[in-house]
């Protein structure tokens, strides 16, 4: 079961590196003009951190499949899409209204970490 999570994590990792490179080279002028270099870098960092977390969950699932782990992985993925995704779009378009959904992604990240704690306490 963890194989799917490992594949998704690997794809997300490649995407994080690609977006980071694209931001540093292809979007440099746009990000600087919008004053959003730091915002884009934050998006890439959280994207990569939680990609690694999804990979970790995939490794745990290789040992034992559990509904909590599936939910943890889902919350991390939603966090990447909502938190990092909204920051990516905000950085490029400067549509500040997108900043209002970014915290939902942060809540998703936090929820994933809390559920991971719950899983670890219950099973180890």
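The values are calculated or read from the model by the stated rules, or taken from the named source; none is laboratory data. Everything quoted here is computed from the prediction, not taken from an experiment. Quick reminder, even Gly has a Cβ in these numbers, built from the backbone with ideal geometry, and neighbours come from all protein chains shown.
Looking at segment 94-124 only, could you name the residues that are part of a helix (DSSP H, G or I), in contact (Cβ under 8 Å) with a residue 12 or more places away in the chain and closer than 17 Å to residue 35 by Cβ?
Once the filter is applied, which keeps residues that are part of a helix (DSSP H, G or I), in contact (Cβ under 8 Å) with a residue 12 or more places away in the chain and closer than 17 Å to residue 35 by Cβ, segment 94-124 yields 98, 99, 102.
Residue 77 - would you say it is over 19 Å from residue 38 (Cβ atoms), in a helix (DSSP H, G or I) and touching a helix residue (DSSP H, G or I) at 6+ places or on another chain (Cβ under 8 Å)? Quick ask: steps written out before the conclusion?
Details: over 19 Å from residue 38 (Cβ atoms): yes; in a helix (DSSP H, G or I): yes; touching a helix residue (DSSP H, G or I) at 6+ places or on another chain (Cβ under 8 Å): yes.
Taking the combined requirement at face value, the residue satisfies it.
Any idea which of 51, 42, 65 is more than 23 Å from residue 119 (Cα to Cα) and either assigned to a helix (DSSP H, G or I) or in contact (Cβ under 8 Å) with a residue 60 or more places away in the chain (or both)?
Testing whether each residue is more than 23 Å from residue 119 (Cα to Cα) and either assigned to a helix (DSSP H, G or I) or in contact (Cβ under 8 Å) with a residue 60 or more places away in the chain (or both) leaves just 42.
Listed residues 69, 52, 81, 77; which is under 17 Å from the mean Cα position of the chain (by Cα), within 13 Å of residue 5 (Cα to Cα), at pLDDT 95 or above and surrounded by fewer than 17 Cβ atoms within 10 Å (Cβ to Cβ)? Write out each step before concluding.
Values: 69 fails: surrounded by fewer than 17 Cβ atoms within 10 Å (Cβ to Cβ); 81 fails: within 13 Å of residue 5 (Cα to Cα); 77 fails: surrounded by fewer than 17 Cβ atoms within 10 Å (Cβ to Cβ).
Every option except 52 fails the conditions.
Could you tell me which residue of segment 25-35 is farthest from residue 51 (Cα to Cα), considering only residues that are assigned to a helix (DSSP H, G or I) and out of contact with any helix residue (DSSP H, G or I) (no Cβ under 9 Å at 6 or more places or on another chain)?
33
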